[in-house]
Amino acid sequence: MDAALYAVRLAGGWRLIASLDLRVDLYWWFGSKARKITAGTSSPGLPAVSKVRSHDRGYAGAAKRLVVLSQGLPLGWATAVRDDFAEERGMDLWGSKAWGRYVRSALEHAVGAPLLEASGRGSRALADAPLFFPGDDGLRQLEALFGPREWEGLHTLALQLGGWLSGRALLAGEVEALLQEAGGGVPAGWVAAAQLGELLGRLRFYAGLAAEPAPRSPGWLRRRRARGLRCRRCGSAARGRTACAACGSAACAYCETCLAMGRSRACALLLQGAAQSAVQGTAGGSPTAALGRWGLSAAQSAAAGAALRFLAEPAVPGSAAGRFLIWAVTGAGKTEMIFPLLQSILTAGGRVLVAAPRRDVVLELAPRLAAAFAEQQVVTLYGGSPDRWKQGGITLATTHQLLRFKEAFDLVVIDEIDAFPYHNDPMLDFAAKGACKAGGKYIYLSATPPLKLQQEAAAGRLPHAKVPARFHGHPLPVPKAHRMISVHQCLARRQLPPALLRQLQASIERGAQVFLFLSRIRHIEPFLELLRRSLVKVPLDGTSSVDPERAAKVMAFRQRELRLLVTTTILERGVTVPRSDVFILDADSELFDEAALIQMAGRAGRSKEDPNGKVLFAAHTWTSSQRAACRQIRRMNVIARKGGYLKR
Ligand SMILES: [Zn+2]
Ligand SMILES: [Zn+2]
């Protein structure tokens, strides 16, 4: 897609504007009917995405002078020059030569001279002398560009688009899908309406890929170097190149990282709705009253109360969004704890997002949220979800879906902050950061926060609350060391140690469901064979991340049709089965870190009826990870006891 580029002189100074449809801009600035129809809706004070100071923002008819610098530049070039613009002294007096020089140098800076020369495009696009408005004869023709009805329709559509796209960043194809669903069709003139939306301050457009920020080096060096491209949607470096039908380039750049959500290209239009300002949470008078409604335990209430106070704090202007960590042990009941937090923001008229790492978590949470907040529209988003373009007070989404939002939410709750796929994924980190409004708040939930967050919390840089006790008020089962040979040795000897078999037998006999964790998928099948030979009458099976029947087997295990399930860390979280014992074999494996050990151990003792499950760390050696996991579990039990959260 191409964009025009022009400079316009307003009362407050010069602005540089990129346009998807220059007719709209000319009519906006000079058309007589534009002034009447847009009067009242275009006044300064509207939330605008642009950083232009409010008195500089143009309103229809405000242009003193307008210079069209190019009628067709590649989208990314036009937006890059627009975003780099700084007014220069004497621009009021510039003629066509001075403007020609300016735009050439601005393009060289934005795009890089080598690329500009190689494309041949720049010089051709700039061959025309700049056009000046108002010129001698232009104005009368301008009046004929839009009929009053036509302009009114465009104006209505621009405002609708602004509403639908508020808090979102969508590629052109996605905008069309949204128009199809929200508006019942794709109007032919929607791109013109988007341009009017930009002039109204309701929308901002970009190219899918943007040049990296210019390096701080001397001008002559800077111009020689082509700037790398970065995806505006997911923040990744864009290294893909492909022949492109849309722009005719043989090597149009695109982003490979977020390809699954549609191709973000150098020539693709990315539309972003204007951001609204964030609201503060209301605790509804007293936190205790707010908490009472949700039936929380004392430990849950204390942490939720601290989080509510955090949400009610006014945002510090200009600072990054505030963060708060709820460090809740496995089985603490963290879902119930977020209800009062969501309530506090929803009551203040805000929008909330709950992001979970996996689709099954989202699907499990959706009906609970819908039941708890019957008056709210709950939008559930995952790959292929039918709610894709719906808007609601509560949005529940898997992490990748966040890429479609920009500054949309007053509160972003990130469940299992340490879980795949946030952990060490810069793209999802970028997406989560972009989804929160400026001045909005983040709540992180985790039973095993990443070390970095633990350190920030300990140093007082991250406000946090611990929930050290489970909802049933019994301490966490502390893992016991069980010395045995490695799984590899068992398989080589084709024999299981009698001591391990006795422990397994005891668990089965006491009526427990047995989680047996192994470190490697390839061990599962041969290990199952050994188990079947020894535990003849026990129904057992194995599953892993590569097992297509995993869901069915987990279901059978929940329903006690299977009594023993051999698995890997894929089931370390999310699966809660009452009356469970946990065996972790090769607990000294380097594949099991402290967090994984705590999560696996956390499967035991989850129900009120059987709060003291057994956890065995079976290994030849006792590693620092095992030691750290046990230390953390014991420490939480101590804190819980001191806080009076444990039943005596
Ligand atoms: Zn991307
Ligand atoms: Zn292209």
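The values are calculated or read from the model by the stated rules, or taken from the named source; none is laboratory data. Just so it is clear, the structure is predicted and the values come from calculations on it, not from any experiment. Neighbour counts run over all protein chains shown; Cβ positions are idealised from the backbone, glycine included. Protein only, heavy atoms only, side chains kept; ligands, DNA and RNA dropped before computing areas. Shrake-Rupley method; radii C 1.70, N 1.55, O 1.52, S 1.80 Å.
Computed quantities for the displayed model
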quantity: Enumeration of residues in region 236-250 that are free of Cβ contacts under 8 Å to residues at least 24 places away in the same chain and within 9 Å of ligand 2 (Cβ to nearest atom); calculated: THR242, ALA243, CYS244, ALA245, GLY248, SER249
quantity: Filter result (away from ligand 1 (no atom under 14 Å from the Cβ) and either surrounded by 18 or more Cβ atoms within 10 Å (Cβ to Cβ) or at pLDDT 90 or above (or both)) within region 253-277; calculated: CYS267, LEU269, LEU271, GLN272, GLY273, ALA274, ALA275
quantity: Selected residue [of a type outside the set (Val, Ile, Thr) and outside any loop (DSSP other than H, G, I, E, B)] from ALA374, ALA366; calculated: ALA366
quantity: Residue list for region 545-570, restricted to those being open to solvent by less than 10 Å² (accessible area, probe 1.4 Å) and over 25 Å from ILE417 (Cβ atoms); calculated: PHE557, LEU564, LEU565, VAL566
quantity: Region 227-236: number of residues that are hydrophobic (A, V, I, L, M, F, W, C) and near ligand 1 (Cβ under 9 Å from one of its atoms); calculated: 2
quantity: Residue in region 571-583 that is in contact with a helix residue (DSSP H, G or I) (Cβ under 8 Å, 6 or more places away or on another chain), at pLDDT 95 or above, assigned by TED's automatic domain parsing to the domain that holds VAL487 and open to solvent by 10 Å² or more (accessible area, probe 1.4 Å) present; calculated: no
quantity: Counted residues, region 163-174 - those being closer than 15 Å to ALA274 by Cα and open to solvent by 10 Å² or more (accessible area, probe 1.4 Å); calculated: 3
quantity: Failed item in (1) at pLDDT 90 or above; (2) among the basic types (Lys, Arg); (3) more than 16 Å from ligand 2 (Cβ to nearest atom), with ARG232 passing the rest; calculated: (3)
quantity: Filtered residues of region 604-641 (kept if among the basic types (Lys, Arg) and in contact with a Gly (Cβ under 8 Å, 6 or more places away or on another chain)); calculated: ARG606
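Here is a yes/no grid of residues against (1) surrounded by 22 or more Cβ atoms within 10 Å (Cβ to Cβ); (2) touching an Asp or Glu at 6+ places or on another chain (Cβ under 7 Å); (3) farther than 30 Å from ASP586 by Cα:
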residue	(1), (2), (3)
VAL413	yes, no, yes
LEU428	yes, no, yes
GLY439	no, no, yes
ILE443	yes, no, yes
ALA457	no, no, yes
ALA469	yes, no, no
HIS472	no, no, yes
SER486	no, yes, no
CYS490	no, no, no
